[in-house]
Amino acid sequence: MAMNFSETADRMDVRYVAALARISLDGAEAEELQSQLDGILAYVGELKKLDVEGVPAFDDASGVEGAWHEDEPGECLPHDVAMSLAPLERHGQFVVPKIIE
């Protein structure tokens with residue numbers, strides 16, 4: 001299901017999005033979700049029309065300053081425990097489904 005989607009497009013097929021997420025939808029679900037997705041994209045289209053010249057970029061709505069910290073190595077999950085939690089394991093490694101078509 002190859003589909004090119006452009007940021008400038010005003011419509012996206014909800015079945016395409018569901019396929020990317022590996023979610024199956026019946027007809028009624030797809031219809032309801034398509035309506036919601038169309039509404040979201042319409043609102044984003046309205047937001048794109050706003051003049052934001054001179055408005056500083058804002059990336060943290062919490063208002064907390066200095067919340068970033070350096071990553072510090074911590075205690076790791078033992079390999080055998082991690083593998084026991086894996087849905088599928090082969091040769092001591094996680095096995096995951098191929099998602100790139």
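Among ALA21, ALA86, ALA61, the largest mean-square fluctuation in a Gaussian network model of the chain (Cα springs under 10 Å) belongs to ALA61. Taking the accessible area of the chain, probe 1.4 Å, and keeping the other protein chains in place, the carbon and sulfur fraction comes to 57%.
Classify the chain as rounded, prolate or oblate, taking a ≥ b ≥ c as the square roots of the eigenvalues of its Cα gyration tensor: rounded when a/c is under 1.5, otherwise prolate if a/b is larger than b/c and oblate if not. Because a/c hits 1.5 or more and a/b fails to exceed b/c, the chain counts as oblate. Taking square-rooted eigenvalues a ≥ b ≥ c of the alpha carbon gyration tensor, is segment 23-76 rounded, prolate or oblate, where a/c under 1.5 means rounded and, failing that, a/b exceeding b/c means prolate? Oblate, since a/c reaches 1.5 and b/c is not below a/b.
Normalised by the number of residues in the chain, the average gap of Cα pairs under 8 Å and 6 or more apart makes the relative contact order 16 percent. Rolling a 1.4 angstrom probe over the protein heavy atoms with all chains in place gives segment 11-101 an accessible area of 93 Å² per residue.
At full extension, GLN36 and ASP13 could sit 7.1 nm farther apart than now, given 0.36 nm per residue minus the alpha carbon distance.
Here the chain is scanned for trypsin sites (Lys or Arg not before Pro) in DSSP loops (not H, G, I, E, B) that have at most 11 other Cβ atoms within 10 Å, and the longest stretch holding none of them is 50-97. For GluC sites (Glu not before Pro), the sites in segment 25-82 that DSSP calls loop and that have at most 15 other Cβ atoms within 10 Å are GLU53, GLU65, GLU70, GLU75. Helix content alone sets the calculated 222 nm mean residue ellipticity of the chain: runs of n ≥ 4 DSSP H residues at -39500 (n - 2.57) each, divided across all residues, give -11000 deg cm²/dmol. Less than 5 angstrom separates the built amide H of GLU89 from those of VAL95, all sequence-distant by 5 or more or on a different chain.
The values are calculated or read from the model by the stated rules, or taken from the named source; none is laboratory data. Because the structure is predicted, anything quoted here is derived from the model rather than measured. Virtual Cβ from ideal backbone geometry, glycine too; neighbours counted across all protein chains shown. Just so you know, the surface numbers come from the protein's heavy atoms only, side chains and all, with ligands and any DNA or RNA stripped out. Shrake-Rupley method; radii C 1.70, N 1.55, O 1.52, S 1.80 Å.
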